[in-house]
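These notes are about the structure you will find just below.
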Amino acid sequence: MIDYNACADLSNNHEVYLNAGGSAQNTARIFQWLVGPQHCCVYFGSIGSDEEGTLVETLLRRSGVHTRYTYHRNLPTGRCLALVHGEHRSLVANIGAARIYAPHHLNTQDNLKVLSQVKIIYIEGFFIANNFLTAKELIHFCQVKSIILAFNLKVSCELSVSTKEAMGLLPNASQNNLEVLGLNLAPLAGSVAMNYDHQRDHKAG
């Protein structure tokens, strides 16, 4: 668990850069960078009603990504510290509001109107592990509306649901298809990692 006072001390005593990160938000930012302004990427998620949430939303919009956040009054915006000292790196996180995105957060008239217009919907392992029922509704929505679903399990430790439940989310996918897709995308991912501009979004302090 992150001590938020300790975070403030780090900002005062060390060189700190802030980024609108997290796996899905990073994916949204890179995707928007790849497709350019002629296409639109919309991010759905949860943040706290706090200063950090305002900053995250500002940074994400600065990257060209449209935001559709749910705001939690009683939970802080999620935060992850990446501590770098020479060759040593460590990550520590307080997930906060990012953990909570219930079906009723998704199923608003405005959100469904936006979702009905998209071509691809992307979800990943963290969201499935923490919001399984919402993920099921979202995947059903994709099936009904014939929307392409992009699916990333990420690391196994994040997927707390059973293998049977997880595969049930992908009724038309097979293990072989998933493996082939992973092999085909590996060179592209390497190329993106080499060429993406890792500019620092915001210097703290």
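No value in this document is a laboratory result; all are computed from the given coordinates. Here the structure is a predicted model, which means the values were calculated and not measured. Note: ideal-geometry Cβ built from the backbone for every residue, glycine included; neighbour counts use all protein chains shown.
Data overview
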{"read-out": "Per-residue HN-Hα couplings for segment 104-117 [Karplus 6.51, -1.76, 1.60; θ = phi - 60°; Hz; x = Gly/Pro]", "value": "6, 5, 6, 8, 9, 4, 5, 5, 5, 5, 5, 4, 5, 9"}
{"read-out": "Cα→Cβ-extended label distance, 7 Å offset, between GLN109 and ASN152, nm", "value": "3.4"}
{"read-out": "Contour excess over end-to-end distance, with Cα ends at VAL35 and ARG68 and 0.36 nm allotted per residue", "value": "9.9 nm"}
{"read-out": "Rounded, prolate or oblate (a/c below 1.5 giving rounded, otherwise prolate when a/b exceeds b/c) for segment 1-100 by Cα gyration tensor", "value": "oblate"}
{"read-out": "Using θ = phi - 60° and Karplus 6.51 cos²θ - 1.76 cosθ + 1.60, couplings along segment 18-26 (whole Hz; Gly, Pro as x)", "value": "10, 9, 7, x, x, 3, 5, 5, 4"}
{"read-out": "Stretch gain in nm, segment LYS119-VAL42, where the contour uses 0.36 nm per residue and the Cα spacing is subtracted", "value": "26.6 nm"}
{"read-out": "FRET efficiency for ALA82 and THR27, using Cβ-Cβ distance with R0 set to 22 Å, rounded to 0.05", "value": "0.80"}
{"read-out": "Table column - 3J(HN,Hα) (Hz), segment 56-68, Karplus curve with 6.51, -1.76, 1.60, x for Gly and Pro", "value": "4, 5, 4, 5, 5, 5, 5, 7, x, 8, 7, 10, 9"}
